[in-house]
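One structure below.
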Amino acid sequence: MKLNDSNDKALKPLVDMDGDPIFDEAWQAQALAMADSLVKSGLFSANDWSNALGQSLKESANRADIDSQLTYYQSVLKTLEQLIADHSEIDAALMDSKRQDWEKAYLNTPHGQPVTLDEKPC
Amino acid sequence: MVEFNAKKVAELHHHLHSHLPSESALRVKALETLLVAKGLINSESIDAWIEAYTEDIGPKRGAQVVAKAWNDEDFRQRLVQDGSSAIDELGYLGNATGHLKVIENTKSVHNLVVCTLCSCYPFSILGIAPAWYKAAAYRSRAVRDPRGVLAEFGVQISNDIEVRVWDSTAELRYLVLPQRPSNTEALSEDELASLVTRNSMIGTDRDLIKKEEVKA
């Protein structure tokens, strides 16, 4: 596997990352949890996951994205969306539409109140 | 003169009264909503997974495996022969971990684990992989310059010690069995486990010593 060497330079020394948290934000844990759950339930295989994530990380390295945990989890999310689209009826348009619904819900909910969606069958 | 701009006021109102998550967080919320609606996941199990992996499941499971191997020669032999079965005896084998191979450090061999493709890792016994394990720099340098990576972690490997690098896959993951530190014969299994670091089970740590020796 060829990785862009510029990533090596962008990174702080590996040992300095040793105490870093395993997740920087909740969505990263949620994305990984969904991926593991979908492997366990058989929607896609561990090999499908590994190969698709590997491809996404390779593309990220080839773009010389910053070699950070955020970049890694963005690849995790992209891979998750791609595999769900490949293996279920949930396509990119549906994902985008639901994302817009959540944005509207956040914008229209006064601070301090729980943000919820008016669920409609999809 | 103060102007009244309705659009700006509305934007300001939104800004003040909303805490819009990041783009990635919104996309994850969308996925979770859709997957739950389709019956492909349930929110409770996702929450339970996150709680387990952020609070309960960490490298201490792996440390218990190592300590048992140090303390029980029969278990050590079963562990090295068939890591998955031996670890299953302790109830730690996750469904999605795939086959697990245990590789043993010796006086003349040091083992280092990486996943050059993505980030395959035996997370059912070591918890979620550390940030550096997922970094492109580690994934490329561990193969190209393992001694340099080890030196960066403070592990100096003399030239008479062979360094073996193991590339994990989704189907085959590795756990390094570090060498038992000297002068630990009197320790219990739990005390032994407390000496085992996460990094020693990946290979970026080698000489484990009793904490009293560190203080001394």
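What follows is calculated from the coordinates using simple rules that are stated; it is not laboratory data. Predicted, not measured: the structure shown is a model, and the values here were computed from it. Virtual Cβ from ideal backbone geometry, glycine too; neighbours counted across all protein chains shown.
Hey, what's the per residue convex hull volume over the C-alpha atoms of chain B, in cubic angstrom?
Details: hull volume 46.8 nm³, N = 216.
Cα convex hull per residue, to the nearest whole number: 217 Å³.
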Sparse-neighbour loop sites [GluC sites (Glu not before Pro); the range A:28-122; at most 12 other C-beta within 10 Å; DSSP]:
A:Glu89, A:Glu119
To make sure I understand the rule: partners must be aspartates and glutamates, Cα under 16 Å from the Cα of A:Lys104, and not fewer than 8 residues away in the same chain. Which ones qualify?
A:Asp96, A:Asp118, A:Glu119, B:Glu11, B:Glu23
Degrees between helix B:60-71 axis and first principal axis of chain B (Cα, 0 to 90, nearest 10):
0
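Can you sort B:Cys115, B:Cys120 from fewest to most other Cβ atoms within 10 Å of each residue's own Cβ?
Values: B:Cys115 24, B:Cys120 27.
With the fewest neighbours first, B:Cys115, B:Cys120 line up as B:Cys115, B:Cys120.
With +1 on the Cβ of every Lys and Arg and -1 on the Cβ of every Asp and Glu, and nothing else charged, how large is the dipole of the protein assembly as shown about its Cα centre, in debye rounded to the nearest 20? Intermediate results must be reported in sequence, preceding the final value.
Details: 36 positive and 51 negative charges, 133 e Å.
Using Cβ point charges on Lys, Arg, Asp and Glu, the protein assembly as shown gives about 640 debye.
My understanding is that a pair violates if its Cα-Cα distance is over 27 Å; which of A:Lys40/B:Lys38; B:Lys29/B:Lys134; A:Lys58/B:Lys38 do that in this structure?
Pairs exceeding 27 Å: A:Lys58/B:Lys38.
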Within the set of other residues whose C-beta is less than 12 Å from the C-beta of B:Ser84, count the net charge using Lys and Arg as +1 and Asp and Glu as -1.
-1
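For a quick check of your reading of the filter: which GluC sites (Glu not before Pro) in the range B:94-186 sit in a DSSP loop and have no more than 15 other Cβ atoms within 10 Å?
Numbers: sites: B:Glu104, B:Glu152, B:Glu162, B:Glu171, B:Glu185; in loops: B:Glu171, B:Glu185.
Passing both the DSSP loop test and the Cβ count: B:Glu171, B:Glu185.
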Would you mind telling me which residue in B:Leu100, B:Leu79, B:Leu172 has the biggest mean-square fluctuation in a Gaussian network model of chain B, where springs connect alpha carbons within a distance under 10 angstrom?
B:Leu172
What is the extension gain from B:Glu185 to B:Val109, computed as 0.36 nm multiplied by their sequence separation minus the C-alpha to C-alpha distance, in nm to one decimal?
25.1 nm
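What FRET efficiency, computed as 1/(1 + (r/R0)^6) with R0 = 35 Å and r the Cβ-Cβ distance, is obtained for A:Asp16 and B:Leu90, rounded to the nearest 0.05?
Working: r = 33 Å, r/R0 = 0.95.
Approximately 0.55, to the nearest 0.05.
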Intensity falloff of the protein assembly as shown expressed as log10 I(q)/I(0), Debye formula with alpha-carbon point scatterers, at q = 0.06, 0.07, 0.15 Å⁻¹:
-0.26, -0.35, -1.25
B:Ser22 to B:His99: FRET efficiency via 1/(1 + (r/R0)^6), r the Cβ-Cβ distance, R0 41 Å, to the nearest 0.05?
0.65
